[in-house]
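Single-structure report; data block below.
The values are calculated or read from the model by the stated rules, or taken from the named source; none is laboratory data. All figures in this text were calculated on a predicted structure; none of them were measured in a lab. Glycine also receives a Cβ, built like all others from the backbone with ideal geometry; neighbour counts cover every protein chain displayed. Note: areas computed on protein heavy atoms with side chains; ligands, DNA, RNA excluded. Shrake-Rupley method; radii C 1.70, N 1.55, O 1.52, S 1.80 Å.
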Amino acid sequence: MNGRRVVLIEDVVTTGGALLASCAQLRSIGAQVETVVCAIDREQGGRENLAAEALQLRAALTRRDLEASLMA
């Protein structure tokens, strides 16, 4: 893994705890992890927790998006 760029993919991000643990393990063996992609960001601190560890979260949808679609 030394030097290999890795993007993690997750279905739903809440606090990002599991992703942080996975990224730490991958980084410990030399992977370059900078980006996490998810289907839904529940907007409950995950983005901020990931950013604190230099990880960018890219979400297809957010909780706000889903709630807005219910109102439409």
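Hey, can you tell me all the residues within the range 21-72 that are touching a Ser or Thr at 6+ places or on another chain (Cβ under 8 Å), on the phi > 0 side of the Ramachandran plot and without any contact (Cβ under 8 Å) to a residue 24 or more places away in the chain?
Once the filter is applied, which keeps residues that are touching a Ser or Thr at 6+ places or on another chain (Cβ under 8 Å), on the phi > 0 side of the Ramachandran plot and without any contact (Cβ under 8 Å) to a residue 24 or more places away in the chain, the range 21-72 yields only 43.
Output the number of residues of the range 9-46 satisfying the condition of being small (Gly, Ala, Ser) and under 11 Å from the mean Cα position of the chain (by Cα).
Summing the residues that are small (Gly, Ala, Ser) and under 11 Å from the mean Cα position of the chain (by Cα) in the range 9-46 gives 7.
Can you name the residue in the range 1-32 that is in contact with a Gly (Cβ under 7 Å, 6 or more places away or on another chain) and open to solvent by 90 Å² or more (accessible area, probe 1.4 Å) and, of all such residues, is modelled with the lowest pLDDT?
My answer is 1.
What is the residue count in the range 43-58 for residues that are open to solvent by 70 Å² or more (accessible area, probe 1.4 Å) and closer than 14 Å to residue 18 by Cβ?
Final tally of qualifying residues: 2.
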